[in-house]
Amino acid sequence: PVFALGTVLFFLIQHLRLTPEGRLALVLRRYNLPIALGSVALCVLAVRLPFPERLPFALPLVVPQLYVASLCFMAFVLTLCANPQSLFNNRPIRLLGQVSFSAYLWHFAFVHKLPVLFPAVFDRTVVDWQAIFACFALWLAVVSLTFAVSCLSFRWIETPMINLGRWLIEQRHFWITRLVRHSDLVSRPI
């Protein structure tokens, strides 16, 4: 379901690009800050509240926390897309988005292996402020290493495979066209 929400987000972003003066784009630009802050606050609230047991009101439909958080994140992303001068719309973020598939694959290895390889730096047993600093250090290391390795794998693995896929599709069309022509020649009566 979250993947489906990502697909819906893609089409909403396309809609914003195609109709930059449309109603949705104007509302998102006009109320950019309240929507962004509200979506972040609601996302934090949705993650912190135990759904649906302790809500002060009854929901006619039970909505899991993950979906609420995902919808809030979608609203946050839409506000960023509607405002090109956003703090989050810059060259490094766009580059990270370009290599995001490779980053998605690589980050698991770094999250898992860094604490194993460097237990003194990324100590999993610490508590309180030390745990926050260890988590922040791990986050910085994972993002940095993931970004660097993803740029390399995007250039040396992902892009060549995309080009190979395009070439295979072109070849398929070429050979299908030739086979159809050949079958027309063979099936004609003499």
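The values are calculated or read from the model by the stated rules, or taken from the named source; none is laboratory data. Remember, predicted model here, so these are calculated numbers, not experimental data. Using ideal geometry, Cβ is built from the backbone for each residue, glycine included, and neighbour counts are taken over all protein chains shown. Ligands, DNA and RNA are stripped out before the accessible areas are found, and what is left, the full protein with its side chains, is counted by its heavy atoms. Shrake-Rupley method; radii C 1.70, N 1.55, O 1.52, S 1.80 Å.
Just a few scattered comments:
- Test: ILE157 is open to solvent by 80 Å² or more (accessible area, probe 1.4 Å), touching a helix residue (DSSP H, G or I) at 6+ places or on another chain (Cβ under 8 Å) and either assigned to a helix (DSSP H, G or I) or aliphatic (A, V, I, L, M) (or both): yes
- Checked against the criteria, LEU152 does not count as within 30 Å of GLU21 (Cβ to Cβ), open to solvent by 100 Å² or more (accessible area, probe 1.4 Å) and of a type in the set (A, V, I, L, M, F, W, C).
- Scanning the range 113-136 for residues that are more than 18 Å from ALA103 (Cα to Cα), assigned to a helix (DSSP H, G or I) and not charged (D, E, K, R) yields PRO115, VAL116, LEU117, TRP129, GLN130, ALA131, ILE132, PHE133, ALA134, CYS135, PHE136.
- Residue pairs meeting the criteria (Cβ under 8 Å; at least 6 apart or on separate chains; first assigned to a helix (DSSP H, G or I), in the range 86-103; second surrounded by 12 or more Cβ atoms within 10 Å (Cβ to Cβ) and among the charged types (D, E, K, R)): PHE101/GLU158; SER102/GLU158
- Scan the range 128-142 for residues that are more than 14 Å from PHE110 (Cα to Cα) and in contact with a helix residue (DSSP H, G or I) (Cβ under 9 Å, 6 or more places away or on another chain) and the total you get is 1.
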